[in-house]
């Protein structure tokens, strides 16, 4: 019997992801997988999150990129524990990479773990990282047809953060069309319109994160 290579890879990843999920659950740690195109503003969203929750939430970050530590360097300025993963050409993170990254993080000292996936709207959707929540980060310059063009990733997410709202008057972006396309495909996904440049709307994102933290902790407010 022959098993296609892709199937074997995904099965092995799913096994590793399940172990991660159990580990995160033991620590009652919400883990958020941020996915999106290059330039959508994933790192800017992480920076704004750290800025707004400083002294209130203990947030760790795993940064995924094909090369360089540029994003991790940006995050480190906020004093948050951060681990950079360079995939060397692979267009996504996988569960094994996350397991190795955790060796450099004390997750017992965290309230939330953010994973910034490699910039891509295709491959990251196929690889379970043991995360608690999946979030797609989009931006107005990418166009209002992203949901229609990349239905798999948008069908899987718990929320969508639509970034660069400050550019709306300069672009032909139909917010109603984008929202309607998302609701038709994934009616349970929350949609948050933000500008990481101006800060507009970012508080809704922070509230969403805090609500997810409360859900994972069982609403008792105790530390993990």
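What the table below lists for this structure:
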quantity: Qualifying position, being touching a strand residue (DSSP E or B) at 6+ places or on another chain (Cβ under 7 Å), under 15 Å from residue 46 (Cα atoms), surrounded by fewer than 17 Cβ atoms within 10 Å (Cβ to Cβ) and free of Cβ contacts under 8 Å to residues at least 60 places away in the same chain, among 76, 72, 80, 67; calculated: 76
quantity: Single unsatisfied condition, residue 203 versus (1) over 30 Å from residue 13 (Cβ atoms); (2) crowded, with 20+ Cβ neighbours inside 10 Å; calculated: (2)
quantity: Answer residue from segment 166-181, given it is touching a helix residue (DSSP H, G or I) at 6+ places or on another chain (Cβ under 8 Å) and in a loop (DSSP other than H, G, I, E, B) and is nearest to residue 198 (Cα to Cα) among those; calculated: 171
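Residue-by-condition table, conditions (1) surrounded by 15 or more Cβ atoms within 10 Å (Cβ to Cβ); (2) touching a helix residue (DSSP H, G or I) at 6+ places or on another chain (Cβ under 7 Å); (3) in contact (Cβ under 8 Å) with a residue 60 or more places away in the chain:
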{"site": "108", "(1), (2), (3)": "no, no, yes"}
{"site": "135", "(1), (2), (3)": "yes, no, yes"}
{"site": "164", "(1), (2), (3)": "yes, yes, yes"}
{"site": "183", "(1), (2), (3)": "no, no, no"}
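Just so you know, all these numbers are worked out from the coordinates, no wet-lab data involved. Source: prediction; values computed, not measured. Heads up, the Cβs are rebuilt from the backbone with ideal geometry, glycines too, and the neighbour counts pull from every protein chain shown.
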